[in-house]
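Asks: This is the structure I have questions about; it appears just below.
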Amino acid sequence: MTIGMLLNAPYPSDVRVKKETDALLKAGFKVHLLCLRKSGENVSEVINGLHIERIDAGKNNIQLALWDVIMSITFVHPVFKKAIPGWVKKNGIDVFHVHDLPLVGTALAIRKASGIPVIADFHENYPEALRAWFEWKRNPIARLKNKIFMNADRWTTLEKRAALESDRVIAVVDEMKQRLITSHQVNPKKVTVVSNTEDRSFLQQPDDPSIYRNFSGKFIITYSGNIGPHRGVDTAIKAMGFLKAYPDIQLVIIGSGSTAVMNFLDQLSKEHTDKNQVHFLGRQPFEKFFSFMCYTSANLIPHKSNDHTDNTVPHKLFQAMMAGKPVIVSTSAPLNRIISQTQAGIIFKADDEKDLADKILHLYQHPELQKQMGDNGIRATI
């Protein structure tokens, strides 16, 4: 069988896509990916058995925003719709595997003429993700565009149609599957959960014990990954304001977000914390993440709890557990469930900086608990 994957992004922008292509290729399927092309990239190439074909549909934020607006009106992407038939014929595509909601409408439109089955892979609750992503935007033009064209209610309508009309649906967590069943009356047998668990190859990243050499002797709380309004980094920063009496406790933030987001968090740090309590290390190579997670005191995933975060789970949860250090998570439903089941960390009330500070202090004061939780994480993931 030949699987045709559709991705409205460059490859590999989302590690979930790479994990799934690797798994399918290993299982003996042929996989062809149609995705966006960044400047300087080849139109087509083969990477580790994955056949990639790239199309030009915007190479800067303005062009990409234009196509997003056009797609949001009809929920069909004109550039992908034009490119797909020839790509299907050339490669003998038997089934569409569509990554996330935006291109499902396009695949369903093509199915009417081609009869090719559509598998909708929902990486997250996309309509609610829109609400979260736009929360801290201040540009009035961007806010107006998002309100009119990226309206979450309209995308919820598409999500329902996509879930009901697609031949199969993939959800990232049990909570997402249950939401589709309850909210959209999707047949439970139609939905398969493929979680963002981590491959053991993560443990083969370079081992760098000196990665925190500038924080020697400190109790380090590490946040790593992309940064946005829904991820709760603001809660973590404000929590540090309650821990000024413990200068050994320091928050290290690895990753980046938009300029507006990072400016907001930098100002928040200045307002709520003492100097040298919070450290922004910026974006780091993925190859360093094992060392960052392994040589910290605890890894932190402080997600807000809302209809977006409660229906997805980050890869870094499983990476942090594999690294053998306790994970501090919020009561966002999937995080709460997994850490409660595995006892691999400690849970605080989402969006409650005082409760987070109390939980950090409790962990700081109980070294035996740190080791126990770290060991539990290893047992649950390896």
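Asks: Where Lys and Arg each count +1 and Asp and Glu each count -1, what net charge lies around Q284 among other residues with Cβ under 14 Å from its Cβ?
Replies: Once positives and negatives cancel, what remains is +1.
Asks: Okay, next question. So which trypsin sites (Lys or Arg not before Pro) in the range 263-307 end up in coil per DSSP with only 13 or fewer other C-beta atoms within 10 Å? Provide the component values of the computation, followed by the final result.
Replies: Working: sites: K270, K275, R283, K288, K304; in loops: K275, R283, K304.
Taking the range 263-307 and a limit of 13 other Cβ atoms within 10 Å, the loop trypsin sites (Lys or Arg not before Pro) found are K275, R283.
Asks: Grab the DSSP H runs of the chain that are 4 residues or longer, score each as -39,500 (n - 2.57), total them, divide by all residues and round the 222 nm result to the nearest 500 deg cm²/dmol.
Replies: Working: 15 runs with 167 residues, N = 382.
Rounded to the nearest 500, the figure is -13500 deg cm²/dmol.
Asks: Between E165 and T182, what is 0.36 nm times their sequence separation minus the Cα-Cα distance? Round to one decimal in nm. Don't skip to the end; give the middle numbers.
Replies: Numbers: separation 17, 0.36 × 17 = 6.12 nm, distance 1.61 nm.
So the chain would gain 4.5 nm between E165 and T182.
Asks: Further question: Round to the nearest 0.05 the FRET efficiency obtained for S13 and V194 when R0 = 30 Å and r is the Cβ-Cβ distance. Don't jump to the answer; show the numbers that get you there.
Replies: Numbers: r = 18 Å, r/R0 = 0.60.
Between S13 and V194 the formula returns 0.95.
Asks: What angle do you read, to the nearest 10 degrees and between 0 and 90, between the alpha-carbon axis of helix 174-184 and the longest principal axis of the chain?
Replies: So the inclination is approximately 50 degrees.
Asks: Let me ask you something else. Using a 7 Å offset from the Cα along the Cα-to-Cβ direction at both K26 and S114, what is the distance between the two label points in nm, to one decimal?
Replies: About 2.7 nm separates the two model spin labels.
Asks: Leaving out ligands, DNA and RNA, what percent of the accessible area of the range 1-144 is carbon and sulfur, probe 1.4 Å?
Replies: Details: 3950 of 6880 Å².
Heavy-atom surface of the range 1-144 belonging to carbon and sulfur, 1.4 Å probe: 57 percent.
Asks: Against the longest principal axis of the chain, how steep is helix 353-364, in degrees 0 to 90 to the nearest 10, with axes from Cα atoms?
Replies: 60 degrees
Asks: Among DSSP beta bridges lying fully in the chain, give the percent that are antiparallel, nearest 5.
Replies: Of the beta bridges lying entirely in the chain, close to 10 percent run antiparallel.
Asks: Okay, next question. Once both labels are modelled 7 Å past Cα along the beta-carbon direction, what's the D94-R154 spacing in nm?
Replies: 3.8 nm
Asks: Using Cα atoms only, what is the angle between the long axis of helix 104-114 and the major principal axis of the chain, expressed in degrees (0 to 90) to the nearest 10?
Replies: 20 degrees
Asks: Restricting to the range 1-133, compute how many DSSP beta bridges are antiparallel as a %, nearest 5.
Replies: Numbers: 4 of 22 bridges.
Just about 20 percent of them are antiparallel.
Asks: Might you report the magnitude of the Cβ-based charge dipole of the chain about its Cα centre, with Lys and Arg at +1 and Asp and Glu at -1, to the nearest 20 debye?
Replies: 820 debye
Asks: If the chain between D174 and E368 were fully stretched, how many nm would it gain, using 0.36 nm times the residue separation less the Cα-Cα distance?
Replies: So the extension gain works out to 66.6 nm.
Asks: Ordering D100, D358, D199 by accessible area with a probe of 1.4 Å, largest first, what comes out? Before the final figure, lay out each step's value.
Replies: Details: D100 20, D358 70, D199 95 Å².
Ranking D100, D358, D199 by accessible area, largest first, yields D199, D358, D100.
Asks: Now for a separate question. Using +1 at the Cβ of each Lys and Arg and -1 at the Cβ of each Asp and Glu in the chain, identify which of V233, A83, S13 lies farthest towards the dipole's positive end.
Replies: The one lying farthest along the dipole's positive direction is A83.
Asks: Relative contact order for the chain: what is it in percent, counting Cα pairs under 8 Å that are at least 6 residues apart?
Replies: Numbers: 702 pairs, mean separation 47.2, N = 382.
In percent, rounded to a whole number, it is 12.
Asks: Over all directions, what mean area does the Cα convex hull of the chain project, stated in square nanometres?
Replies: Convex hull of Cα atoms, orientation-averaged projection: 18.8 nm².
Asks: Something else: Under the 0.36 nm per residue contour assumption, what length would be gained going from the current alpha-carbon distance of L64 and S201 to full extension?
Replies: Values: separation 137, 0.36 × 137 = 49.32 nm, distance 3.38 nm.
Here the segment from L64 to S201 would lengthen by 45.9 nm.
Asks: At 1.4 Å probe size, put E124, E165 in order of accessible surface, largest to smallest.
Replies: E165, E124
Asks: Probe of 1.4 angstrom, ligands and nucleic acids ignored: what's the accessible area per residue over the range 50-130, in square angstrom?
Replies: Counting only protein heavy atoms, the per-residue value for the range 50-130 is 40 Å².
Asks: Rounded to the nearest 0.05, what FRET efficiency is calculated for F280 and I47 with R0 set to 35 Å and r the Cβ-Cβ distance?
Replies: The computed FRET efficiency comes out at 0.60.
The values are calculated or read from the model by the stated rules, or taken from the named source; none is laboratory data. It should be emphasised that the depicted structure is a prediction, and the values quoted were computed from it without experimental measurement. Counting neighbours? That spans all protein chains shown, and the Cβs are built from the backbone with ideal geometry, glycine included. Keep in mind that these areas ignore ligands, DNA and RNA; they rest on the heavy atoms of the full protein, side chains included. Shrake-Rupley method; radii C 1.70, N 1.55, O 1.52, S 1.80 Å.
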